[in-house]
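Written below as structure tokens is the structure these notes are about.
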Amino acid sequence: MWEIKQYENGTVVIKPIKKSNTAESIKPLAQQSGVMKNVSKEIKVYTEQEHVERASASAVELYEKFKAAILNLADDIEVKPQKEHIAFKKGKNIVDITILKNSLKIWINLKKRQLDDPKDIMRDVSGIGHWGNGDYEIRVGDDDNLEYLMSLIKQAIKNKTHHTLAFSRLAN
């Protein structure tokens, strides 16, 4: 959800509305209605812990290194566990990570030909099905390319921020 405010001087402010940790749960509402009760049983909230439990200690340690590096790239990056991956968002998805048994699979959320990858280490998955968002994927078993991968992820952040700014300019 987005909150859009227009002030008398013509200024428009657009900002995402984030669910706070104190937001009301759907559970009490579900107990009041039979239909809502059935729907709430279907809702599954995924956690990082569930992803971590499936992996080896070395894969978890690698994930924690990449997570810390991603969170240090920009302010307000959110971690959103999904069914098959963990999404890192700054308004929109910038990168997704699946913690495998002994490695990580990382997707950078950019369309084909939007990523400048001089080392050519990312795999083009634009023509095949995959869990993460974006057309670029890599499987990593160590942190040897950590800094280089952060430079690629920065491109996704810049791209998503640029589109958000362009949208706000259109609103004026």
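The values are calculated or read from the model by the stated rules, or taken from the named source; none is laboratory data. Every value quoted in this text rests on a predicted model; they were computed, and no experiment measured them. Note: ideal-geometry Cβ built from the backbone for every residue, glycine included; neighbour counts use all protein chains shown.
Points to keep in mind about this one:
- Some residue of segment 14-37 being at pLDDT 90 or above and in contact with an Asp or Glu (Cβ under 7 Å, 6 or more places away or on another chain): no
- Total residues in segment 79-129, condition basic (Lys, Arg), without any contact (Cβ under 8 Å) to a residue 40 or more places away in the chain and under 17 Å from Lys154 (Cβ atoms): 3
- Taken as a whole, the structure leaves Ala74 outside the set of residues that are at pLDDT 95 or above, outside any strand (DSSP E or B) and either among the small types (Gly, Ala, Ser) or outside the structural domain of Lys160 (by TED's automatic domain parsing) (or both).
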